[in-house]
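*Asks:* Shown below is the structure under consideration.
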Amino acid sequence: MDIASFRVLRTPSGQALLRETAEADVSEDGLLATASRLRERHEPPLVAAALTQVRLRERARAKFGADADRMYFTQAGLEQSTRASVAAYRAGRFADRLPGARVLELGCGIGADLIARARAGLAGEGVELDPLTAEVARANVAAFGLEGLASVRVGDATEEDPSGFDAVFADPGRRTARGRVFDPRSYEPPLDVVLAMAGQVPAACVKVAPGIPHEAVPDDAEAEWVSVGGDVKEAALWLGGLAGDVGRRATLLASDTYLSDLSGTEPQVRTLTPQGLGDPDVRAWGRYLYEPDGAVIRAHLVGEVAELVGGGLADPHIAYVTSDELRPTPFASAYEVEDVLPFSVKRLRAELRRREIGVLTVKKRGSAVDVDRLRRDLGFGGRRAGRRAKELTLVVTRVGRDPVALLTHPVSGT
């Protein structure tokens with residue numbers, strides 16, 4: 001999609017084509033026929049742009065809910081954008097700690113964070129290196145009627161002067177043509193360059209990969225890992241007036257179900273921070289197994305979960321907490337342990353058959369086992385169970401060097 005075609009797409013005739021395309025069959029089976037029919041009356045580049053937007057909007061609903069139907073995207077911009085629930089949560093922190101702040105965003109992409117802050121009442125200016133992506137971001141700002149609060153221009157983030165702004169938000173690129181980038185020194189711009197720029201303003205937030213090494217986090221920053229519905233989505237470094245005094249935190253957003261009305265509903269938020277605890281106790285398996293949320297694990301707060309549930313670790317290096325008590329917590333999923341066995345495919349197959357298990361879920365941590373292959377070896381490859389089939393969750397892990405298998409079932413309500 002080129003800029004010229006995208007601009008035509010935003011004209012009244014382009015919008016009519018976009019609506020027509022949205023009502024057509026754009027599935028893999030119907031795409032060719034739809035494209036051929038539309039090209040009879042419209043230029044091929046414009047048809048391609050319309051088809052691209054309609055298909056990207058369908059994919060974007062997972063991140064942006066109903067708002068996706070009025071937004072614009074590029075493929076890379078959608079993949080790298082902040083999902084709306086996380087952007088809204090983060091914008092709330094900006095608004096709470098820096099009311100009325102003017103924020104410079106370095107690498108604004110399609111504008112998800114810029115728009116979220118504007119919806120929270122904060123003025124901002126976004127800078128984006130790619131001209132097409134900047135054009136898309138401007139269109140998104142206009143789609144929400146936020147031109148009075150937010151603007152976008154083409155520019156190189158490394159050449160920006162942040163003085164005059166109250167805060168900086170930066171989202172350095174973490175993807176190349178070869179895939180994701182994990183080394184902060186390979187971000188675009190590199191993390192140390194971004195942090196140096198962020199240090200020129202009173203407050204800043206830098207979006208980073210969830211796998212960022214803790215040693216790469218500056219001593220004066222607060223690192224936050226965020227999960228949505230149990231899946232870790234991203235991490236951020238809070239600096240200056242936006243940083244708390246806890247050093248690190250895990251934040252859980254319950255779900256994205258509120259996205260259809262961001263202005264009237266707040267996400268359900270749970271936050272866990274360090275409590276000054278030592279390493280959790282190491283103990284034998286108890287009646288319950290707790291699997292901490294991924295954000296908790298990334299934030300190195302497993303010990304806090306162990307304290308909450310009155311438990312410890314079966315292995316000091318593996319983030320499975322065990323306890324004899326059932327203490328529901330939003331920071332971990334609970335499973336009741338029916339049996340603990342030495343890991344043996346032959347023995348497990350016989351045990352599952354004896355228990356008449358029809359639906360098997362396999363989880364692992366600290367084990368090199370291939371889950372799909374294990375399911376096939378246990379006789380569950382592609383099997384469809386009946387309505388009343390017994391269900392079991394098989395947890396494969398180790399204690400020391402000894403591989404073990406736990407036969408469990410989830411505890412409802414946790």
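*Asks:* Tally Lys/Arg at +1 and Asp/Glu at -1 over every other residue whose Cβ is under 9 Å from the Cβ of T397; what's the total? Before the final figure, lay out the partial values.
*Replies:* Details: positive: K363, K364, R365, R398; negative: D315.
Taking every Cβ under 9 Å from that of T397, the sum is +3.
*Asks:* If you average 1/r over every pair of different alpha-carbon atoms in region 323-386 and take one over that average, what Kirkwood value in Å do you get? Mind showing how you got there, number by number?
*Replies:* Values: mean 1/r = 0.0723 Å⁻¹.
Hydrodynamic radius (Kirkwood, Cα only) of region 323-386 equals 13.8 Å.
*Asks:* Relative contact order for the chain: what is it in percent, counting Cα pairs under 8 Å that are at least 6 residues apart?
*Replies:* Details: 809 pairs, mean separation 36.6, N = 414.
This gives 9 percent for the chain.
*Asks:* Taking every DSSP beta bridge that has both residues in the chain, what percent is antiparallel when rounded to the nearest 5? Spell out each step's value before the answer.
*Replies:* Values: 44 of 76 bridges.
Restricted to the chain, the bridges split so that about 60 percent are antiparallel.
*Asks:* Follow-up question, since we're still on this one. Equivalent ellipsoid semi-axes for region 292-352, as square roots of 5 times the alpha carbon gyration tensor eigenvalues: give them largest first, rounded to whole Å. Intermediate results must be reported in sequence, preceding the final value.
*Replies:* Working: eigenvalues 128, 36, 22 Å².
Each semi-axis is the square root of five times an eigenvalue, giving 25, 13, 10 Å.
*Asks:* What part of the accessible area of region 158-206, given as a whole %, is carbon or sulfur when the probe is 1.4 angstrom?
*Replies:* Working: 1210 of 2580 Å².
The nonpolar share, carbon plus sulfur, comes to 47 percent.
*Asks:* When the scattering of region 269-414 is computed by the Debye formula from its Cα atoms alone, each counted once and equally, what is log10 I(q)/I(0) at q = 0.11, 0.15 Å⁻¹?
*Replies:* For the requested q values the scattering log ratios are -0.43, -0.77.
*Asks:* Compute the relative contact order of region 148-303 as a whole-number percentage, counting only Cα pairs closer than 8 Å that sit 6 or more residues apart in sequence. Intermediate values should be presented prior to the final figure.
*Replies:* Working: 255 pairs, mean separation 27.8, N = 156.
Once normalised by length, the contact order is 18 percent.
*Asks:* Still on this structure, I have one more. How big is Rg to Rh over region 6-74, alpha-carbon atoms, Rh as the Kirkwood inverse-mean-distance radius? Let's see the in-between values first.
*Replies:* Working: Rg = 11.5 Å, Rh = 12.1 Å.
Ratio of gyration radius to Kirkwood radius: 0.95.
*Asks:* Would you mind counting up the charge near P12? Only other residues with Cβ under 14 Å from its Cβ, with Lys and Arg at +1 and Asp and Glu at -1. Numbers along the way, then the final one.
*Replies:* Details: positive: R7, R10, R19; negative: E20.
In short, +2.
*Asks:* At 1.4 Å probe radius, can you tell me the per residue accessible area of the chain in Å²? Display every interim value, and only then the final one.
*Replies:* On the way: 19750 Å² over 414 residues.
For the chain, the solvent-accessible area averages 48 Å² per residue.
*Asks:* Once you have the Cα-Cα distance between D29 and R353, take 0.36 nm times their residue separation minus that, and quote the gain in nm to one decimal.
*Replies:* Details: separation 324, 0.36 × 324 = 116.64 nm, distance 4.19 nm.
Contour length minus the Cα-Cα distance gives 112.5 nm.
*Asks:* Could I ask something else about it? Which value results when the Cα radius of gyration for region 115-186 is divided by 2.2 N^0.38 Å? Before the final figure, lay out the partial values.
*Replies:* Numbers: Rg = 13.8 Å, N = 72, 2.2 N^0.38 = 11.2 Å.
That ratio works out to 1.23.
*Asks:* If you take the square roots of the eigenvalues of the alpha-carbon gyration tensor of region 87-238 and sort them as a ≥ b ≥ c, do you get rounded (a/c under 1.5), prolate (a/b over b/c) or oblate? Kindly include the intermediate steps, with their values, before the conclusion.
*Replies:* On the way: a/c = 1.37, a/b = 1.26, b/c = 1.09.
Rounded, because the longest to shortest axis ratio a/c is under 1.5.
*Asks:* Expressed in nm², what is the orientationally averaged projection area of the convex hull enclosing the Cα positions of region 45-92? Provide the component values of the computation, followed by the final result.
*Replies:* Details: hull surface 13.6 nm².
Spelled out: convex hull of the Cα atoms, projected over all directions, averaged, 3.4 nm².
*Asks:* Go from 0 up to the bin containing the longest alpha carbon distance in region 1-136, width 5 Å each, and give me the % of pairs per bin.
*Replies:* Spelled out bin by bin, region 1-136 gives 2, 10, 18, 19, 18, 14, 8, 6, 3, 1, 0 percent.
*Asks:* Something else about it: Listed highest first by mean packing, meaning other Cβ atoms within 10 Å per residue, what order do 122-129, 276-283 come in?
*Replies:* Values: 122-129: 22.6, 276-283: 11.5.
So the order, starting with the most tightly packed, is 122-129, 276-283.
*Asks:* Nearest-5 percent of antiparallel DSSP beta bridges in region 49-193?
*Replies:* Values: 3 of 17 bridges.
For region 49-193, the DSSP antiparallel bridge percentage is about 20.
*Asks:* For the chain, state the average projected area of the convex hull of the C-alpha atoms over all orientations, rounded to one decimal in nm².
*Replies:* Values: hull surface 92.6 nm².
Over all viewing directions, the chain projects a mean Cα-hull area of 23.1 nm².
*Asks:* Can you give me the angle between helix 345-354 and the longest principal axis of the chain, using Cα atoms only, in degrees from 0 to 90, rounded to the nearest 10?
*Replies:* Computed tilt is about 80 degrees.
*Asks:* Report the charge-dipole magnitude of region 17-121 in Debye, nearest 20, computed about the Cα centre from +1 at each Lys and Arg Cβ and -1 at each Asp and Glu Cβ.
*Replies:* Details: 17 positive and 14 negative charges, 117 e Å.
Here region 17-121 has a charge dipole of around 560 debye.
*Asks:* Any of K363/K390; K63/K364; K207/K363; K63/K207; K233/K390 with alpha carbons more than 24 Å apart? Name them for me. Provide the component values of the computation, followed by the final result.
*Replies:* Working: K363/K390 17 Å; K63/K364 28 Å; K207/K363 30 Å; K63/K207 17 Å; K233/K390 33 Å.
Flagged as over cut-off: K63/K364; K207/K363; K233/K390.
*Asks:* Quick check for me: using +1 on Lys/Arg Cβ and -1 on Asp/Glu Cβ, what's the dipole size of the chain about its Cα centre, in debye to the nearest 20? List each step's numbers first, then the result.
*Replies:* Details: 54 positive and 59 negative charges, 401 e Å.
Roughly 1920 debye for the chain.
*Asks:* Something else about it: HN-Hα J couplings of region 76-83 from phi, Karplus 6.51/-1.76/1.60, θ = phi - 60°, integer Hz, Gly and Pro as x?
*Replies:* 5, x, 5, 4, 9, 6, 6, 5
*Asks:* At q = 0.16 Å⁻¹, what log₁₀ I(q)/I(0) does region 59-137 have when each alpha carbon counts as one equal point scatterer in the Debye sum?
*Replies:* Those come out to -0.55, one per q.
*Asks:* How large is the helix-only mean residue ellipticity at 222 nm for the chain, computed as the sum of -39500 (n - 2.57) over DSSP H runs with n ≥ 4, divided by its residue count, in deg cm²/dmol to the nearest 500? Write down the numbers at each step before the final one.
*Replies:* Numbers: 13 runs with 127 residues, N = 414.
Only helices count here, giving -9000 deg cm²/dmol.
*Asks:* Could I ask something else about it? Which net charge results for the neighbourhood of T52, defined as the other residues with beta-carbon distances under 13 angstrom from its beta-carbon, given Lys and Arg at +1 and Asp and Glu at -1?
*Replies:* Residues close to T52 contribute a combined charge of +1.
The values are calculated or read from the model by the stated rules, or taken from the named source; none is laboratory data. What you are looking at is a predicted structure, and each value in this text was computed from that prediction instead of being measured. Please note: Cβ atoms are built from the backbone with ideal geometry, for glycine as well, and neighbour counts cover all protein chains shown. Ligands, DNA and RNA are excluded from the accessible area calculation, which covers all protein heavy atoms including side chains. Shrake-Rupley method; radii C 1.70, N 1.55, O 1.52, S 1.80 Å.
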